[in-house]
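Below is one structure, written out as structure tokens; comments come after it.
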């Protein structure tokens, strides 16, 4: 296992005269033995970054280090990585045993050692009873595990790259595969990088999540940090279901003027904000937006436009004059669409952004 | 409702019966009789079939046909696959190469025969001249050169089909498999053996079956090139049967030859059909 370090990585795809920048200066470290995730929407550059890690692409500039060894120009074969793809990539013409033994045989490992390693890994992945069967007869989740197993049989694997491994796995199998992945991770303590656009997968799998957007790392941190303390409006919006409410606002004395309503704030907060100017972006998570049918002091009136029942709770979309706000409330609250509600949120729960940087 | 369906089917069925069913039945009827052109037919059961299977030239032609099919398969399949693997994968040359490859497939079969007749002419042909320069005697008047010239013509004509099929098959293999093989440090040969070949299996089965069926039906090219000669050394099954039917007057026996030939092709069609549907099920 190795610590993976990316230094000043940029990459631009050139096709004819058209240049498409995919990565715009990435500096990242993936610690040894840490399950990490690269999270971002389609086109954010995460696949490009993965290809740079796997050796499929050489970055336009910047270096890649595996344990202080510069591997930027090394081909895939010499990097000692393992990769799990969007769909299970297994060798159909070999049985499960043959698949697991394949990487070792290619490296001319002695037979006895091959046999021992294959059985160890098969035990770990619960594939021991399937060693003689063909991969086609296995369910998709197990085939994906088999693909992972080919990375685990080698003892010198530096990192395991998982490229949206759940994409083609059905829901039931996903649960199984997720549990197996966590088990493997906790037993072997290996460096894993899980690439996905699915926040749920990233947040449940990884200890460290790197959120990417538009070729840049927007924020990295534990799932908890990303959720509680999004440093960039994109992170707030992208993580959470539904994402953070984001609104433009203006500071006027001790009040924040938002489109459609005004929110009074404490003097301390107003002083703090004043240093940065008057125009801000305000973010608040739906679960901190409270609404009630009765009027309270300092609360503001908005109209309910959509009510989505999610079982235990409901997501209420509220509309003011030019603003839209989502609120998560218990299902016990009686709401109908078109109704007027009184809405408020605590200023301690609010994030304020200036030029896409969190200042509060 | 059901009766109305019949009315819609009737034109197609009528056409089919006139174009396919009636002729085959007529030939079947002929094959069960002693029948010379102009004489009164006499029913003799399967006697014509027994006679056919004891006709040495016919049995030899069947054997020759199987050897021919086997040899062209052994040449065309590996050669087609090798060509497909060397073709460019992307860029401006892809279209050009595919069109060039398609040219032999677009030439009418008898024209292919004529082209090759020009190749082998003693006075202006490219083949005799080429062999003369490397010091090898070559003449289609001799059995072996004639046989291998017919084989070479088939390879020239039909290898592009195998190449195009394999090329399509190769393009359909997801790149992830090759990336995985690289991750697993697989050698070039191991990648070919464990990724490319298994993924091409279905396409290869189709190529083999198409080529074996078509090679059984080959007629115009060898007819124009050698007309089965010298002697009967390049007389394939179709050449033999047509010569019997057109040249001879024993229509009963000729019909038996035709039907045996027909059954061989039919069995091969059946194998093709079964294999292709099984491929569909397995997926």
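The values are calculated or read from the model by the stated rules, or taken from the named source; none is laboratory data. Not measured: the values here are computed from a predicted model. Counting neighbours? That spans all protein chains shown, and the Cβs are built from the backbone with ideal geometry, glycine included.
Here are the numbers for the structure shown:
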{"quantity": "Residue A:53 being within 14 Å of chain B (Cβ to nearest Cβ) and either in contact with a helix residue (DSSP H, G or I) (Cβ under 7 Å, 6 or more places away or on another chain) or modelled with pLDDT of 90 or more (or both)", "calculated": "yes"}
{"quantity": "Filtered residue count, segment A:48-80, keeping only those that are under 20 Å from residue A:166 (Cβ atoms) and touching a strand residue (DSSP E or B) at 6+ places or on another chain (Cβ under 7 Å)", "calculated": "4"}
{"quantity": "Failed item in (1) within 12 Å of another protein chain (Cβ to nearest Cβ); (2) in a loop (DSSP other than H, G, I, E, B); (3) closer than 22 Å to residue A:13 by Cα, with residue A:73 passing the rest", "calculated": "(1)"}
{"quantity": "Single match in B:268, B:204 (criterion: within 14 Å of another protein chain (Cβ to nearest Cβ), modelled with pLDDT under 90 and touching a helix residue (DSSP H, G or I) at 6+ places or on another chain (Cβ under 8 Å))", "calculated": "B:204"}
{"quantity": "Every residue from segment B:40-90 that is out of contact with any helix residue (DSSP H, G or I) (no Cβ under 8 Å at 6 or more places or on another chain), surrounded by fewer than 12 Cβ atoms within 10 Å (Cβ to Cβ), at pLDDT below 90 and over 25 Å from residue B:216 (Cα atoms)", "calculated": "B:40, B:42, B:43, B:45, B:90"}
{"quantity": "Filtered residues of segment A:205-239 (kept if buried (at least 19 other Cβ atoms within 10 Å of the Cβ) and part of a loop (DSSP other than H, G, I, E, B))", "calculated": "A:206, A:215, A:230, A:231, A:232, A:239"}
{"quantity": "Among (1) at negative phi; (2) under 27 Å from the mean Cα position of the chain (by Cα); (3) more than 13 Å from every other protein chain (Cβ to nearest Cβ); (4) in a loop (DSSP other than H, G, I, E, B), the one test that residue A:43 misses", "calculated": "(1)"}
{"quantity": "Failed item in (1) more than 13 Å from chain B (Cβ to nearest Cβ); (2) assigned to a helix (DSSP H, G or I); (3) closer than 30 Å to residue B:201 by Cα, with residue A:133 passing the rest", "calculated": "(2)"}
{"quantity": "Matching residues in segment B:174-194 - criterion: being within 7 Å of chain A (Cβ to nearest Cβ) and either loosely packed, with under 15 Cβ neighbours inside 10 Å or over 18 Å from residue A:51 (Cβ atoms) (or both)", "calculated": "B:185, B:186, B:187, B:190, B:194"}
{"quantity": "Filter pass, residue B:220 being at pLDDT below 90 and either within 11 Å of another protein chain (Cβ to nearest Cβ) or touching a helix residue (DSSP H, G or I) at 6+ places or on another chain (Cβ under 9 Å) (or both)", "calculated": "yes"}
{"quantity": "1 or more residues surrounded by 14 or more Cβ atoms within 10 Å (Cβ to Cβ) and at pLDDT below 85: qualifying strands (runs of 3 or more DSSP E) within segment A:246-312", "calculated": "A:261-264"}
{"quantity": "Candidate set from segment B:27-39 (those that are part of a loop (DSSP other than H, G, I, E, B) and touching a residue at least 24 places away in the same chain (Cβ under 8 Å)); member that is surrounded by the most Cβ atoms within 10 Å (Cβ to Cβ)", "calculated": "B:35"}
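Condition check ((1) within 11 Å of another protein chain (Cβ to nearest Cβ); (2) closer than 26 Å to residue A:13 by Cβ; (3) surrounded by 15 or more Cβ atoms within 10 Å (Cβ to Cβ); (4) modelled with pLDDT under 90) across all residues:
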residue: A:66; (1), (2), (3), (4): no, yes, yes, no
residue: A:96; (1), (2), (3), (4): no, no, yes, no
residue: A:100; (1), (2), (3), (4): yes, no, yes, no
residue: A:104; (1), (2), (3), (4): yes, no, yes, no
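To keep it simple, each residue is scored yes or no on (1) over 13 Å from residue A:220 (Cβ atoms); (2) touching a residue at least 24 places away in the same chain (Cβ under 8 Å); (3) not assigned by TED's automatic domain parsing to the domain that holds residue A:61.
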residue: A:10; (1), (2), (3): yes, yes, no
residue: A:16; (1), (2), (3): yes, no, no
residue: A:27; (1), (2), (3): no, yes, no
residue: A:42; (1), (2), (3): yes, yes, no
